[in-house]
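One structure is given below, encoded as structure tokens.
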Amino acid sequence: MTAAGPPSVSAGQALASSASHEWSNLVTTAVLGTDRKRLPIPPPGWESLRSADDPAVELLNRAAAVATARRAGMQPVPAPLRIESAPADERPECSTAAANLLARMLGGLHDTVLPEWFALGAMGGVRPPSYLIPALLLRGRRNPAFDLVARSAIGPRASWLADAMPELGVRVVAKSPPAGADPFLPPRPHADSAAVVSVIVQMFLDRSASWAAVAQLRLAVAAMDPSWLAALSLELNRAPFHSATERTRVELTGLTQIRREMIAALAPSESAGPVV
Amino acid sequence: MAVRPTHDQVLSLAPDKAAAKAAIPVSVPGAWSAAGCDDGAVWGQYIATSSEPYNVAIDLSDDAGGPAYRCNCPSRKIPCKHALGLLLLLANGGVAPARRLPFAAEWLQRRAASRADAADEPAIAAPVPTHDGDETADADGGALGGGARSPRDDLGVIDPARQKRQIERSERMRAGLQELDRWLADRIRVGLASAELGDPATWERLAARLVDAQCGSLANRVKRVATKVGQHARWHEDVLEEMALMHALAVGAQRTSALPGDLADGVHVATGLTVAKDDVLASVPSTARWIVAGESRTREDKITVQRTWLAAGPPHGPTTWAMLLAFGAFGAFGNEVATEHRIGSAFDADIHWYPGGINLRALLGRLHSEPAASASPPPVTTIADALRTAGWALAGEPWLERYPLCVAAAPAPLGNGRWALADDTGSIPIVGGFARTAEIVAVSGGAPITLVGEWSAEGVLPLTLFASGQAVPL
């Protein structure tokens, strides 16, 4: 139903302008209905290839031809003004493994150890991957203490993005966490992680490690010295099964695992061996 | 009573050795309930395994063509082991004459009626596939034109019953297309401004009738157009465009014999005629190293349609794109279509194209290499070139709703929270309602980034970002 043969450039331009003329004719008539409005005669080049007695069918025939030409002949629209480039940041993005762990924690999985991600990242001099910046900033809207830490981890691109996309509503920055709020930091390490491991083991033996105790146990795992995490994994694996404690056991196993992976993924040197 | 087959005659009907072997344990009398036979048929309920018995019936009345089978087990073999088992039971004298069970009576009656209708008696009565579940993928497969079902004529003979069903189906489709076209003309007659166009029921009724006419893909299209009514100040233009293209499709589908072969195939697929997978897989493949460039999902009724875009080509184009479709039920847990190919991976493989005006929809044939993580994105073009390529595709199939592109472009704000992708050749808006523009802006830092997306009349839907050696699905 399109015009036959490739037209020359000037013929093409003429056709393009008559196409928009024809299209507005067709739209106007279609809106009012062919019962009420006569269909104007098509401009040159747009004579219907299929004649129809019914003006409504005639309109559809002609509209199909123009619609096809409009779609197939679409052009890019002139580019709007671009945004300013983001300021440079010398720090490299973290490894893919570390990025994936951060994405999972932002999704709500074992985010008890989320503060440690930022602490380790800062130590290693790496930043979160750029594609997670919006998620980090949006989470910060609800949690000023987190926002401070996240923005410092993101670097200059945080405020750049907030300015470039005012629709995100993340421009306002608190200079310090509100009074009384806990800073978003990893818990202070336990002095005696060995004792913590044995307490946890005991709790599974006497079945007091129920789901009610999980918040406390999560914090205990998050605060444990990393060198004891392997031992804890082993003990959790060996813990006797009981329906009252199984959910807690699965949760702590996952948390221990993700913490070990995170420490390995954000280790500053390559010497850190893989997590077994 | 019909002539009793011998044990060996029954086993010779088995589609393969495994089916023959599996049929023997099925043929014990204890596995059957209400088994009976008469002059022309044998039937029974197989009760040995599942809680729901399988209803099995075999039509023996056709002397020339051999038996025809019905069983509601999920097996795709014809005859299945239950049908063979029942025949073996008959051969062993384990079935007594009886009154037909209701399901058997109904099925046999239908067969007799269709035989009476048929002008010539089929020379080879190949099995009639009436296994339950056989037709399920059908309407949804049409969601994008052609959920393929493999043909049952394993022996290469044309199944007259299948042919007849196809004729019936195309008659139904023709009636549906005529109705669609009448409906479109009626709307134009009273005008797009009339109130009934804004009433979802107007569109729903049409969509329902198209579903009845087995034009599933058009029905879904009608529903999509309905959502455009009143969407913005110039919605009349969008709706007229869509109505005109549906009109072209409806008219074209009624006179495909007058169209060039490829175009006719494209019209068939777009209106919902299914193409058998095996026919597609029998075509000459395009072998290349394919990058899994992106994945998009849409919901059509209760079906999730997943498009996986594969790209191949030299670094500076031209790119060959292939679209793999997958369907899943949309259930309580959301999306049930699994991501089959990891985005950003690449493999050497055969691709078989579906027939049509352009090569786009395809099936994956043989893999020549294991999928491997690929650091490189598909070949990148300018926005102008990407639109030109999409334009050529649209010239080939004007009803095309989406076409892939891979561009190096920077996000640029249009105001009102809308964004566009821009490069030196111009820009294309990002579709409204796309929720992850912030990720694109954040990764770009204001500079051009490599991005795979889908063109549509509303703009581009970003699918995948390629940045720092990583593919980020959006």
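If you go through region B:325-339 one residue at a time, do you hit one that is under 26 Å from B:Val441 (Cβ atoms) and either at pLDDT 90 or above or not assigned by TED's automatic domain parsing to the domain that holds B:Pro462 (or both)?
Filtering region B:325-339 down to residues under 26 Å from B:Val441 (Cβ atoms) leaves B:339.
Pick out the ones that are also either at pLDDT 90 or above or not assigned by TED's automatic domain parsing to the domain that holds B:Pro462 (or both) and you get B:339.
Looking through region B:325-339, at least one residue is under 26 Å from B:Val441 (Cβ atoms) and either at pLDDT 90 or above or not assigned by TED's automatic domain parsing to the domain that holds B:Pro462 (or both).
When A:Leu81 is tested against (1) at the interface with another protein chain (Cβ under 7 Å from one of its Cβ atoms); (2) part of a helix (DSSP H, G or I); (3) surrounded by fewer than 16 Cβ atoms within 10 Å (Cβ to Cβ); (4) not small (Gly, Ala, Ser), only condition (2) is not met.
For region B:422-456, a residue qualifies if it is closer than 18 Å to A:Ala86 by Cβ, in contact with a Pro (Cβ under 9 Å, 6 or more places away or on another chain) and either part of a helix (DSSP H, G or I) or more than 9 Å from chain A (Cβ to nearest Cβ) (or both), and the qualifying residues are B:Thr437, B:Ala438, B:Glu439, B:Ile440, B:Val441, B:Ala442, B:Val443, B:Ser444, B:Ile449, B:Thr450, B:Leu451. Only residues that are without any contact (Cβ under 8 Å) to a residue 60 or more places away in the chain and buried (at least 21 other Cβ atoms within 10 Å of the Cβ) were counted across region B:363-392, and they come to 1.
Once region A:102-161 is narrowed to residues that are of a type in the set (A, V, I, L, M, F, W, C) and not in a helix (DSSP H, G or I), the residue that is farthest from the other protein chains (Cβ to nearest Cβ) is A:Leu109. If we keep just the residues of region B:65-106 that are among the polar types (S, T, N, Q) and under 19 Å from B:Arg162 (Cα atoms), which is surrounded by the most Cβ atoms within 10 Å (Cβ to Cβ)? The qualifying residue surrounded by the most Cβ atoms within 10 Å (Cβ to Cβ) is B:Asn72.
Quick grid of which residues meet (1) outside the structural domain of A:Val149 (by TED's automatic domain parsing); (2) surrounded by 15 or more Cβ atoms within 10 Å (Cβ to Cβ); (3) out of contact with any helix residue (DSSP H, G or I) (no Cβ under 6 Å at 6 or more places or on another chain):
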residue	(1), (2), (3)
A:Ala181	yes, no, no
A:Leu185	yes, no, no
A:Val197	yes, yes, no
A:Ile200	yes, yes, yes
A:Asp206	yes, no, yes
A:Ala212	yes, no, yes
A:Ala222	yes, yes, no
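The residue list A:Leu161, A:Leu137 contains one member that is surrounded by 23 or more Cβ atoms within 10 Å (Cβ to Cβ), within 15 Å of the chain's Cα centre (by Cα), touching a residue at least 24 places away in the same chain (Cβ under 8 Å) and more than 29 Å from A:Ala223 (Cα to Cα), which is A:Leu161.
Hey, A:Ala19 hits all of (1) at pLDDT below 75; (2) within 26 Å of B:Arg187 (Cα to Cα); (3) surrounded by 12 or more Cβ atoms within 10 Å (Cβ to Cβ) but one; which does it fall short on? Exception for A:Ala19: condition (1).
Within the group A:Ala86, A:Ala98, A:Ala79, which residue is under 30 Å from B:Ser427 (Cβ atoms) and touching a residue at least 40 places away in the same chain (Cβ under 8 Å)? If you could, list the steps in order and put the result at the bottom.
On the way: A:Ala98 fails: under 30 Å from B:Ser427 (Cβ atoms); A:Ala79 fails: touching a residue at least 40 places away in the same chain (Cβ under 8 Å).
None of the others qualify; the one that does is A:Ala86.
If you take the residues in region B:291-320 that are assigned to a loop (DSSP other than H, G, I, E, B) and in contact with a helix residue (DSSP H, G or I) (Cβ under 9 Å, 6 or more places away or on another chain), which one is modelled with the highest pLDDT? Out of the qualifying residues, it is B:Thr319.
A quick yes/no check of all residues on (1) within 14 Å of chain A (Cβ to nearest Cβ); (2) polar (S, T, N, Q); (3) in contact with a helix residue (DSSP H, G or I) (Cβ under 8 Å, 6 or more places away or on another chain):
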{"position": "B:His341", "(1), (2), (3)": "no, no, no"}
{"position": "B:Asp350", "(1), (2), (3)": "no, no, no"}
{"position": "B:Gly357", "(1), (2), (3)": "yes, no, yes"}
{"position": "B:Arg366", "(1), (2), (3)": "no, no, no"}
{"position": "B:Ala372", "(1), (2), (3)": "no, no, no"}
{"position": "B:Pro378", "(1), (2), (3)": "no, no, no"}
{"position": "B:Ile383", "(1), (2), (3)": "yes, no, no"}
{"position": "B:Leu394", "(1), (2), (3)": "yes, no, yes"}
{"position": "B:Leu400", "(1), (2), (3)": "yes, no, yes"}
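Somewhere in region B:217-232, is a residue more than 17 Å from the chain's Cα centre (by Cα), in contact (Cβ under 8 Å) with a residue 60 or more places away in the chain and within 14 Å of chain A (Cβ to nearest Cβ)? So far as region B:217-232 goes, no, none of its residues is more than 17 Å from the chain's Cα centre (by Cα), in contact (Cβ under 8 Å) with a residue 60 or more places away in the chain and within 14 Å of chain A (Cβ to nearest Cβ).
Answer yes if at least one residue in region A:76-92 is within 28 Å of A:Ala223 (Cβ to Cβ) and within 31 Å of the chain's Cα centre (by Cα), and no otherwise. If you could, list the steps in order and put the result at the bottom.
Initial filter on region A:76-92 (within 28 Å of A:Ala223 (Cβ to Cβ)): A:91.
Restricting the remaining residues to those that are within 31 Å of the chain's Cα centre (by Cα) gives A:91.
Scanning region A:76-92 turns up at least one residue that is within 28 Å of A:Ala223 (Cβ to Cβ) and within 31 Å of the chain's Cα centre (by Cα).
Contact map, region B:185-209: first residue away from chain A (no Cβ under 14 Å), second residue exposed (fewer than 13 other Cβ atoms within 10 Å of the Cβ), Cβ cut-off under 6 Å, separation 6 or more or different chains; pairs are B:Thr202/B:Glu196. On inspection, A:Ala88 passes the criterion of being within 14 Å of chain B (Cβ to nearest Cβ) and either of a type in the set (A, V, I, L, M) or crowded, with 21+ Cβ neighbours inside 10 Å (or both).
The values are calculated or read from the model by the stated rules, or taken from the named source; none is laboratory data. Just so it is clear, the model here is predicted, and its values are computed rather than measured. Counting neighbours? That spans all protein chains shown, and the Cβs are built from the backbone with ideal geometry, glycine included.
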